[in-house]
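A short worksheet on the structure shown next.
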Amino acid sequence: MDAAFGLASVLLAVQGVGASLFSFPRTYPNITACASEPITYSCENTAAIQNTCCTPTPGGLVLQTQFWDTYTGLEKEGQLLPKDSWTIHGLWPDNCDGSFEQYCDLSRQYDRKPSPSVLPDGTTVPAYTGPGVDTFIGKFGRLDLLAYMDKYWVSQGSPNADFWGHEFAKHATCTSTFDVSCYGPDYKKNQDVVDFFDAVVRAFKMYPTFDVLAASGILPSNKTTYPLSLLQNALKAQTGAVPYLGCGQNGTVLQEVWYFSHVSGTEQFGHYKSVDSTTKSTCSATAGIHYYERTPASEREVRVLP
């Protein structure tokens, strides 16, 4: 989705519902009861979770995932990558043993191309054909959120809004703190969707991968390669744990990072405690790793300059 088109559609949606700067509907859940719940990190509780709106369960191993893409394939449509930043992949609720669920609530299925389209139990995931999830954001008047997502949550090979819908349907529907029941009797349709997007952005800001690597002397280069240990140690030094690094081309081209955490509180507002990746890196432990530069035509400046 072109960023300018997305913002324009939101403006129309905002005008359509008569929203003003001071009347945007709130999107957070009702967590009043959580104040009386035992304080513990997900995956570290010794008793059964009584209120699943208060802590992510069973997917208590939370992954904040990012891409390093060098192009989008939709540059002509204005879909560009943010300069000097990795991009958002998602926020995933793995189970504490490293397994995971997906597409847990088909009544909230907003993925146009479900992957997988058939779940392990044989359930078919129907393709979504309705309006894009960007229009949901528009109905809540969240121009700020949409603008940030268009800059930093960028898809490769598909419109951004389709990618966002995929991430919500596949992952957020399996995260208990985004269950519709957690929003109480005043729930507004798609409130949970906008709340999830807010949470994804909040988590992404915790892990400024580009800046951490750059401050450690690790910059994108078409000539220099880096050993896997250097990349891992630079990120561990700032997060306290070893994240998953994903590489393509026989483990020699850096493409992904996943930050694993246990969470105290809800996925929306809780404290993320870094833990080591439960997934082995696909990057070579012996060959040099390429962290390639992007072509200038595939990225744009996103910082607010004085």
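Here, each number is a calculation from the coordinates, and none is a lab measurement. Predicted, not measured: the structure shown is a model, and the values here were computed from it. Note that we place each Cβ from the backbone using ideal geometry, even for glycine, and neighbour counts take in every protein chain shown.
Based on Cα contacts under 8 Å between residues 6+ apart, the chain shows a relative contact order of 26 percent. Its Cα gyration tensor gives the chain an equivalent ellipsoid. The semi-axes, each the square root of 5 times an eigenvalue, are 30, 26, 18 Å from largest down. Estimated at 0.36 nm per residue, the fully extended path between Thr32 and Ala215 surpasses their Cα-Cα distance by 61.8 nm.
Calculate, in nm to one decimal, what Ile39 and Ala285 gain on full extension: separation in residues at 0.36 nm each, minus their alpha carbon distance.
The Ile39-Ala285 span can extend by a further 84.7 nm.
For region 202-306, run through the GluC sites (Glu not before Pro) and keep only the ones in DSSP coil with at most 16 other Cβ atoms within 10 Å of their Cβ. Taking region 202-306 and a limit of 16 other Cβ atoms within 10 Å, the loop GluC sites (Glu not before Pro) found are Glu293, Glu301. For the chain, a simple Cβ point-charge model (Lys and Arg +1, Asp and Glu -1, everything else neutral) yields a dipole of about 440 debye relative to the Cα centre.
Between Glu75 and Lys223, the simple label model (points 7 Å from Cα in the Cβ direction) yields a spacing of 2.2 nm. Each Cα pair under 8 Å and six or more residues apart adds its sequence gap; the mean of these over the residue count of region 138-255 is a relative contact order of 12 percent. Taking the charge dipole of the chain about its Cα centre, with +1 at Lys and Arg Cβ atoms and -1 at Asp and Glu Cβ atoms, the residue from Val242, Tyr110, Gln50 reaching farthest to the positive side is Val242.
Of the trypsin sites (Lys or Arg not before Pro) found in region 262-306, those in coil by DSSP whose Cβ has at most 15 other Cβ atoms within 10 Å are Lys280, Arg303.
A straight chain from Cys96 to Thr123 at 0.36 nm per residue would run longer than the Cα-Cα distance by 7.3 nm. The packing ranking of peptides 91-98, 175-182, highest mean first, is 175-182, 91-98, where packing means the average number of other beta carbon atoms within 10 angstrom of each residue.
Dividing the Cα radius of gyration of region 196-306 by its Kirkwood radius returns 0.99 for Rg/Rh.
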